[in-house]
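These notes are about the structure you will find just below.
Read the figures in this text as sums done on the coordinates, not as results from a lab. Given the structure is predicted, the values throughout are model-derived calculations rather than measurements. For neighbour counting, all protein chains shown are included, and Cβ atoms are generated from backbone atoms with ideal geometry for every residue, glycine included.
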4 protein chains.
Amino acid sequence: MLSEALQRAEQVAPRLAARAADHDRDASFPVADFDDLRHEGLLGLMVPLALGGMGAGFEEYTKVAMALARGNAATALVFNMHASVTGALAGIAPELARALGATEAFFEERDRVLRAAAGGALYGVAISEAGAGSRLSLLQSTYHRDGDGYRIRGTKSACSGAGHLDAYLVAARAAGGGDAPVISYFLVPDAPGIEVEPGWDPLGMRATASHTVRFDVRVPVAALLGGVEGLALPLAYAMPQWLVASYAAVYVGLGQAAVAEATGYLEKVHGAKGTVTTAARARLGRAEAAVEASRLAVEHAARLVDVAPGEPETNQWIHRAKLLAGDTAMGAAASLAEACGLGALGRGSPLERIFRDARSGAIMPPRSDICADYLGANALGLDPRSVMEAPPW
Amino acid sequence: MLSEALQRAEQVAPRLAARAADHDRDASFPVADFDDLRHEGLLGLMVPLALGGMGAGFEEYTKVAMALARGNAATALVFNMHASVTGALAGIAPELARALGATEAFFEERDRVLRAAAGGALYGVAISEAGAGSRLSLLQSTYHRDGDGYRIRGTKSACSGAGHLDAYLVAARAAGGGDAPVISYFLVPDAPGIEVEPGWDPLGMRATASHTVRFDVRVPVAALLGGVEGLALPLAYAMPQWLVASYAAVYVGLGQAAVAEATGYLEKVHGAKGTVTTAARARLGRAEAAVEASRLAVEHAARLVDVAPGEPETNQWIHRAKLLAGDTAMGAAASLAEACGLGALGRGSPLERIFRDARSGAIMPPRSDICADYLGANALGLDPRSVMEAPPW
Amino acid sequence: MLSEALQRAEQVAPRLAARAADHDRDASFPVADFDDLRHEGLLGLMVPLALGGMGAGFEEYTKVAMALARGNAATALVFNMHASVTGALAGIAPELARALGATEAFFEERDRVLRAAAGGALYGVAISEAGAGSRLSLLQSTYHRDGDGYRIRGTKSACSGAGHLDAYLVAARAAGGGDAPVISYFLVPDAPGIEVEPGWDPLGMRATASHTVRFDVRVPVAALLGGVEGLALPLAYAMPQWLVASYAAVYVGLGQAAVAEATGYLEKVHGAKGTVTTAARARLGRAEAAVEASRLAVEHAARLVDVAPGEPETNQWIHRAKLLAGDTAMGAAASLAEACGLGALGRGSPLERIFRDARSGAIMPPRSDICADYLGANALGLDPRSVMEAPPW
Amino acid sequence: MLSEALQRAEQVAPRLAARAADHDRDASFPVADFDDLRHEGLLGLMVPLALGGMGAGFEEYTKVAMALARGNAATALVFNMHASVTGALAGIAPELARALGATEAFFEERDRVLRAAAGGALYGVAISEAGAGSRLSLLQSTYHRDGDGYRIRGTKSACSGAGHLDAYLVAARAAGGGDAPVISYFLVPDAPGIEVEPGWDPLGMRATASHTVRFDVRVPVAALLGGVEGLALPLAYAMPQWLVASYAAVYVGLGQAAVAEATGYLEKVHGAKGTVTTAARARLGRAEAAVEASRLAVEHAARLVDVAPGEPETNQWIHRAKLLAGDTAMGAAASLAEACGLGALGRGSPLERIFRDARSGAIMPPRSDICADYLGANALGLDPRSVMEAPPW
């Protein structure tokens, strides 16, 4: 039985699919898609029931994201950023936050932000930078105390939804810090001082509007996420689900869309005649088996996030999920393109877009090569931070 | 929490592992392994509680088989054959059997056979033939009515456990049949007229004693499985779990053993120094992720077998499980051999044996290429029997 | 030492590269590229010296095509069609043609056509059709005798260079034929009655202008290629170089461009610092080794075409070349995209275009799956025509 | 036209093949194979004509090694070691050696050693050690000046042909050296003080008798290779052909044997009926194409070694050849095993042995992962020694 949220996601998905080709062509943001998600209450997916949301956990998020990605993976990727912000906020344990120094003001601000999401506010993530990628420890954006708030300055790249967000989750380094970087998260409301530089025109996932954004803003103290400085790096290693595994669901949905499109195309071309070649049938069979196995892996990781967040086994599964989902989507899309032929690969056809969208899965941080290294280090009982050539964060 | 059966299997597995190198070297049957399994009651795994067994379903079987395969995959493969016979017998629905014509004598015989398994009897499968492989429709062994029983004649190949079995599940064709072959199963007790031709000396899975066996025997009417002739082919297509998916668990366990052995070997060589190369760490990481994903696929298929046997979705998952488990075990073993190096590949070392054992997974019927074709045909809504170049059965 | 033609191709290639992004963006035909090729005399590459051309053989063609493809693979693909027409015409052995019935008129026409190419005329190929692909035996376009010439009618798809060609090589079926189709080639000059339907807007190789073209034209008898009807199918099987292997060189050049672009990108990002990760270095190393090996295969096949055209060993190498070049280009481009990251995959960057262009290599006829089947059939001494599920032609 | 040496190798190969199963079973040295090679003069393959040998270059060696490996790859691997010693000795340029300090005594000894090979002496290589592998810079065996000669002490592993050799090429470190290790080569005649520890019992290449050997010997000054200390490391980087590429030919031959055996097996099982499945035909086709491409790569590298030894392009090709030959042989053997099925994989059948033999190609130093890293570093213009995580030597 599908959850209420998943039912709504599945109802919305065909509308996303119908608009996908246009947004892909123009690299334009799917405004109507987010109107639909807002209307269905799905922007409140991760918001607790008490705050007016749907109170979903990570597993339910995962299934919703897959469903949306079967419609348009780019839309689902932006949705994933919003879910990451709201899900991470909702997931902060009050006792822990208080023990670390969070005040009531923080909780009031947090609840306000979540209530706003349930009401339709859209949030995004501004972490990556041109030189550092998503390596938190290498970020160059800074913040410093400025009166009763903080001043944040820096230039962020690949900020999905840029220009369409109500607030940005910004990661920045404490200015004038010593050797060990102190990296903190701030939720920065859209305001003057936030300047979007249009220019997003990539191979795939073109509708995410992941422009570069310049920040020079002042925020109140309560904008500091968790109410404590320096949380970004330890969180990334301790509970990496929103940085690592939330993407994975999108690429499973994309892989499923590849299988569905290829199946439909071959049926259309060959009808009920069964004239699909053995080689093409086998490509379809191998692809659908691999995609469904990657789905199980992502769902399994998601269940562990819900029941045992931060546990070593959970974090191992989070990285397995990212690795398998990204590699599988690309492999499936490439092989299915070969099974269907050039007739299925015209601009504007779904399989053509999916093939391009699929290339980014293994590359989005942490890359498949990094995930594989992390998994191997963990399997050997080694600390990834000390042994990996390029630590993930 | 582990089931009682799984706990016992995990306790027994190290003893299997300790004997594995000797049986592999000599291609000898692991008699002591089966004494252990008998002693722990695991030969009654699939036997209903009411008949003195453990009453396991397919999912529990799957986990037990994985655990045994982590010790010795060859032993687990023989165990899989025994579980197939007892599991299939136990799974016969009484109403259906009666509707098809099964008499009380059949049920009495069935119960006797299952009680004997709970008491320690070991059964195996004699289906394959030199010319037909496991294509049931091409079998040349025959049976005909002979007084108050049947006379069965033919030569079976790759009969795992040959010479160590209390009874053989034999598939044979009704003699003098017309165009459509009538293929039936018989449970044939070990007796004069069953002649084992030693000669099993393969690349891997050497301890299964899968010799050729000549049959020229008389059996009572009650030996006819299900009490009805002609069940073999429809069963193979309708409920293929024991013919297809029971192997899969063995190759998941083998893949897990490959990961464990490689991890242990790299730890031993490099200690806590973290001097394992990036390339080797990444091979280990990719292998363990793939193996664990194949485990999820096999366990998912097994759960479906328990709750929705014979459903199209279940049968699709059964073939996905077989495909993924076989291909993954070989890929993981080959890559991990490369990660560890020649020092890990001396005769008698576990990784050397695992590499050889792993080659058979994708080849055992139905082969990976056949599974892929079946899956593709199903995805396209085509009947595999009519469209596949080489139908599985 | 480079041949004169190869030197010119290498000089021209950077100019092609400079225009590639614009033509890719607009799916527009690279008119200036062909002006350059014309100016350098390269349209006469395959034309005998005696007729004013460069008198190149297949191996020299191969190297020229690789060089052009390193600049813009789409331009090289159109050039390959022109070279196929002129090369096949130039390669017709006079004695054989006469023995088959060719008259002096045919030779005069042939020489006129070749002289025109040396003077700058551009030819292309109109074989494929929507339902048949490039399966010659399934073509639906027809021709019939009409006075002192032929009337040709049909709709051709994927006709590279459509609208920019001086003549089209059209394959058509003799109208009213019996069971065995009689497929003939005609060289049809651009004329009223040839109608280009714009609409070419594909994933990759976008600058080839491979539009659909409708033919309803009358041609003189001398337009019949070889002067004999029914040559198309036997030629395809006996001397498949121009139908199969001429593409291969283009995809080798594309693979080389992928390696060069990725190398340049990584050098630019990492400078002389050697901070490229081990995983990225290994991806680059594996890709460049595979691409160079595919180059050797294509050059070896090309040499055999020159010295032993039509020999079984030659035809086996022709199919190996096609298979290896197509698969290698895609694999290299996909892996190098992963090595370089999303920063290298913006629209307009060479690697982004190459990744899309590369997808078509394995799909262009005969597909990699078909080549593999053909090669296996040949290795087994079987006639591909009788044993393959889908014969290539 | 085949060279005399190649003709003889092809005549001898079937005799090697006929003995291969026995030596593989027993892990015994193929004494009769080397009697055959000796009788045909092939032990003098690399010895200059003036010294009684066949005067072959690297390319001819490559073809001879492939031919022998088509018979028995293990025999060819031992032959490769002998060819490495004699080829490296024969290849020492007199002017360079004199400039570095080599005396007439060195040349006399060198010529004596080569003449002996032409007369039937068999040499091998004792470089690897348990802790260091083949990393020359990490070797622990030592030598020091001792009167008018050197004393060499150490334990070598994986010394192919151990116990059957007339002399061993030993790499050792100058005792008491400073920070930079001085590694030298000595040709050590079989003598008391050389103790073979039987124990070679590996997965594949079982007939090479690559036992551990303990050395505690005195040699005359003239045994120092090249007459100069410290040559080993610079030679390994400057002219790596005998350390890297000589293996490659063996694995090409092994891949060819896999193709030939699989072809023969499928023909035997299916006769002329053409009932081989599409999937199996395609596996055969892909395997034979890949193996033949790897052959071209190895032959191309070998030609460059002959005409431009030590050039960067040559050394790049040497590593490409090693990478491609090792990976291709394993991939082909594994896929062909799947095409043929378990019936082709009984102990004693060629395909079973080839599958095991093939696993070592990518693992023998430098491993495929190391070659890929080296190739990528070179492509980026970086010095492999400074940038690679694990430099090859």
Nm distances between copies for C:LEU6, ranked from closest, using label points 7 Å along Cα→Cβ
2.2, 6.1, 6.4
With the radius of gyration and the Kirkwood radius both derived from the Cα set of region D:223-307, what is their ratio Rg to Rh?
1.25
What Kirkwood hydrodynamic radius do you get for region A:260-316 when you take the inverse of the mean 1/r over all pairs of distinct Cα atoms, in Å?
13.7 Å
Most exposed first, judged by fewest Cβ atoms within 10 angstrom, A:LEU345, D:LEU45 run A:LEU345, D:LEU45
Regarding region B:298-386, what's the average projected area of the Cα-atom convex hull, expressed in nm²?
6.8 nm²
Could you give me the radius of gyration and the Dmax of chain B, taking only the C-alpha atoms into account and expressing both in angstrom?
20.7, 74
Along region A:131-142, what does the Karplus equation 6.51 cos²θ - 1.76 cosθ + 1.60 (θ = phi - 60°) give for ³J(HN,Hα), rounded to whole Hz, x for Gly and Pro?
x, 9, x, 9, 6, 3, 5, 9, 4, 10, 4, 10
Quick one: which of C:LYS63/D:LYS63; B:LYS268/D:LYS322; D:LYS63/D:LYS322 span more than 18 angstrom between C-alpha atoms?
C:LYS63/D:LYS63; B:LYS268/D:LYS322
Once phi for every residue in region D:229-241 is put through the Karplus expression 6.51 cos²θ - 1.76 cosθ + 1.60 (θ = phi - 60°), the whole-Hz ³J(HN,Hα) values, with Gly and Pro written as x, are 7, x, 7, 4, 5, x, 4, 4, 7, 7, 9, x, 4
Helix-derived [θ] at 222 nm for chain A: sum -39500 (n - 2.57) over DSSP H runs of at least 4, divide by residue count, nearest 500?
-17000 deg cm²/dmol
Counting other Cβ atoms within 10 Å, keep those with at most 16, restrict to DSSP loop, and tell me which trypsin sites (Lys or Arg not before Pro) in region C:333-370 are left.
C:ARG347
Based only on other Cβ atoms within 10 Å, what is the fewest-to-most ordering of B:GLU352, B:GLU313, D:GLU292, C:GLU195?
B:GLU313, C:GLU195, D:GLU292, B:GLU352
What three numbers, in Å, describe the spread of the alpha carbons of region C:112-174 along their principal axes, ordered from the longest?
35, 30, 17
Taking the Cα atoms of region A:4-118 alone, what are Rg (to one decimal) and Dmax (as a whole number) in Å?
15.4, 50
The helix C:58-71 Cα axis meets the longest alpha-carbon principal axis of chain C at an angle in degrees, between 0 and 90 and rounded to 10, of 50 degrees
Name the most mobile residue of D:LEU114, D:LEU165, D:LEU187, meaning the one with the largest mean-square fluctuation, in a Gaussian network model of chain D with Cα contacts below 10 Å.
D:LEU165
Restricting to Cα pairs below 8 Å that are 6+ residues apart, what does the relative contact order work out to for region D:36-141? Please round to a whole percent.
33 percent
Which parts of region A:179-214 would a label at A:GLN140 reach, counting a residue when its backbone N lies under 15 Å from a point 7 Å out along Cα-to-Cβ?
A:213-214
For region D:1-50 and region B:320-369, compute the distance between their C-alpha centroids and round to whole Å.
33 Å
For the protein assembly as shown, percent of DSSP beta bridges that are antiparallel (nearest 5) comes out at 80 percent
Mind listing the phi-derived Karplus ³J(HN,Hα) values for region C:282-292, rounded to whole Hz, using 6.51, -1.76 and 1.60 with θ = phi - 60°, and x for any glycine or proline?
5, 4, 4, x, 5, 5, 5, 5, 5, 5, 5
Teacher prompt: D:GLY193 distances to equivalent labels in other copies, 7 Å Cα→Cβ, nm:
7.5, 8.2, 9.4
Could you work out Rg/(2.2 N^0.38 Å) for the protein assembly as shown, with Rg from alpha carbons only?
0.95
Taking chain B as a Gaussian network, where each spring joins two C-alpha atoms under 10 Å apart, which residue of B:ALA118, B:ALA308, B:ALA337 fluctuates the most?
B:ALA308
Counting only Cα atoms, I'd like the Rg/Rh figure for region A:239-387, Kirkwood definition for Rh.
1.07
Considering the convex hull of the alpha carbon atoms of region D:146-221, report its projected area averaged over all viewing directions, in nm², one decimal.
5.9 nm²
Name the residue, out of C:MET239, C:MET66, C:MET205, whose mean-square fluctuation peaks in a Gaussian network model built on chain C with Cα pairs under 10 Å.
C:MET239
Take every Cα pair under 8 Å in chain A that's 6+ residues apart, average their separations, divide by the length, and report that relative contact order as a whole percent.
17 percent
Find every distance from the label point of B:SER137 to the corresponding label point in the other copies (7 Å from Cα along Cα→Cβ) and write them in nm, one decimal, shortest first.
2.5, 6.2, 6.4
Roughly how crowded by other chains is peptide D:333-339, in terms of the mean Cβ count from those chains within 10 Å of each of its Cβ atoms?
4
Rounded, prolate or oblate: which fits region C:46-205 when a ≥ b ≥ c are the square roots of the eigenvalues of the alpha-carbon gyration tensor, with rounded for a/c under 1.5 and prolate only if a/b beats b/c?
oblate
